[in-house]
Structures are given as structure tokens and as C-alpha cells.
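S.K.: Take a look at this one; I'll ask things after.
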Amino acid sequence: MTDYQVYHDVAVRFRDLDPMGHVNNAVYNSYLEEARMAYWKLAQPETSLESIPFILARVEIDYRSPALSREVIRVALRAEWIGEKSFAFSYFLSEKVSGRAVAEALSIQVYFDYGNERPAAVPDELRREFARIEGRAIPPRP
């Protein structure tokens, strides 16, 4: 997990569980979303929730082990690449105390102009903020 600069901890809530006592697969998207918002606050702290300029285009999740009641899930995330109008985050989810791998994920966000209702170019300022947070240049989209 040394490749990750941003971490967000999520306590498993009772409502997150399925009848088997595991975190329901659909809930993992909420955990990723919380982590993305924590990252976004680092990049653009003055942006209100209503004016976040990206939309989620794709999410892939590979489950490694079940998350359970009373656990805290550490969501590590990083910017993987930035394209002309989109960017990707990768995630590593683990149980905070033991470090047990819970899931790995990738999400693709499209920078979006809500006024014109269409994708827009990722601003250079945002590219610089991601690089600042990561402590490295973010590669272009493969």
C-alpha cells in the first residue's frame, strides 16, 4: 500500500450487511464514493457537493475477502491516469487492523460541464492538484 497517498476509513455499519453477515456487494460502491469525495476535498476543498465537476462512468470491483460487521475498511486510492476528458482512480480496500485484502477496484470519472451537459477537458489546474496529492506526475490515459 505504499503506492497510495490517500486513505479513507469506513466503519462497517449494520445496514451495510446482507443476511449472511457480509458487506453487500452493492455497498462497496458507496465506500469507493466516500473515498473519492475525501480525495476531491484534498484537490478542490472549496468545491461544494453540488458543483463537483465529474460524473462516474465505470466501476470495476474484484472482491478478495468478505468485509464483516464491526470491521473498519481502509480504502486506499490513487489517480492512475488522466486523459483529455476523463481520469481513473484505483483502490485497495483492506481490513484496517489486520491488513487483510478485501477488494480492489478501478473507477473512471468523466470531467463534466453541467451547464452545457457534456464532457469537458480536464483543466491543467486539476492535473497539477492530482500530481501534488500523489507526489508524482500522473500518467496520461493508456
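Rule-based calculations on the coordinates, nothing more; no lab input. Since this is a predicted model, take the numbers as computed values, not measurements. Every residue, glycine among them, receives a Cβ derived from its backbone with ideal geometry; neighbour counts consider all protein chains shown.
S.K.: Out of region 52-123, which trypsin sites (Lys or Arg not before Pro) are coil in DSSP terms and have no more than 10 other C-beta atoms within 10 Å?
M.R.: R70
S.K.: Here's something else I'd like to know. By how many nm would the segment from Q5 to I55 grow when fully extended, if each residue of separation counts as 0.36 nm and the alpha-carbon distance is taken off?
M.R.: Details: separation 50, 0.36 × 50 = 18.00 nm, distance 2.27 nm.
The Q5-I55 span can extend by a further 15.7 nm.
S.K.: Once the Cα atoms of helix 124-134 and of the chain are each reduced to a long axis, what angle between those two axes, in degrees from 0 to 90 to the nearest 10, is obtained?
M.R.: 30 degrees
S.K.: Based solely on its DSSP helices, what 222 nm [θ] is calculated for the chain when runs of n ≥ 4 H residues each add -39,500 (n - 2.57) and the sum is averaged over all residues, nearest 500 deg cm²/dmol?
M.R.: Using -39500 (n - 2.57) per qualifying helix, the result is -6500 deg cm²/dmol.
S.K.: Please go through region 11-50 and write out the GluC sites (Glu not before Pro) that DSSP classes as loop and that have at most 14 other C-beta atoms within 10 Å.
M.R.: Here the sparse-neighbourhood loop sites are E46.
S.K.: Relative to the longest principal axis of the chain, what angle (0 to 90°, nearest 10) does the C-alpha long axis of helix 27-43 take?
M.R.: Tilt of helix 27-43: around 40 degrees.
S.K.: In a GNM of the chain with a 10 Å cut-off on Cα contacts, which of I82, I55, I73 has the highest mean-square fluctuation?
M.R.: Largest GNM mean-square fluctuation: I55.
S.K.: Show me the GluC sites (Glu not before Pro) within region 75-142 that DSSP assigns to loop and that have at most 15 other Cβ atoms within 10 Å of their Cβ. Intermediate values should be presented prior to the final figure.
M.R.: Details: sites: E80, E84, E95, E104, E117, E125, E129, E134; in loops: E84, E117.
Here the sparse-neighbourhood loop sites are E84, E117.
S.K.: Once the piece of chain linking Y63 and S98 is laid out straight, how much longer is it, given 0.36 nm per residue of separation minus the C-alpha distance between them?
M.R.: Difference between extended and current length: 10.9 nm.
S.K.: Another question about this same structure. Within region 45-81, list the residues whose amide N lies under 18 Å from a label point set 7 Å along Cα→Cβ of N25.
M.R.: Residues passing the 18 Å test: 58-68.
S.K.: Give me the mean projected area, in nm² to one decimal, of the convex hull enclosing the Cα positions of region 39-113.
M.R.: Details: hull surface 24.3 nm².
Taking the Cα atoms of region 39-113, their convex hull projects to 6.1 nm² on average.
S.K.: Could you check which residue among S94, S107, S48 shows the biggest mean-square fluctuation in a GNM of the chain with a 10 Å Cα cutoff?
M.R.: S48
S.K.: I need to check one value: relative contact order of the chain, counting alpha carbon pairs closer than 8 Å and at least 6 residues apart, in percent.
M.R.: The value is 27 percent.
S.K.: With no solvent and one point per C-alpha, what does the Debye sum give as log10 I(q)/I(0) for the chain at q = 0.09, 0.18 Å⁻¹?
M.R.: Taking Cα atoms of the chain as identical point scatterers yields -0.28, -1.03.
S.K.: Let me ask another. Most exposed first by the Cβ proxy, i.e. fewest other Cβ within 10 Å, how do M37, M20 rank?
M.R.: Arranged by neighbour count, lowest to highest, M37, M20 become M20, M37.
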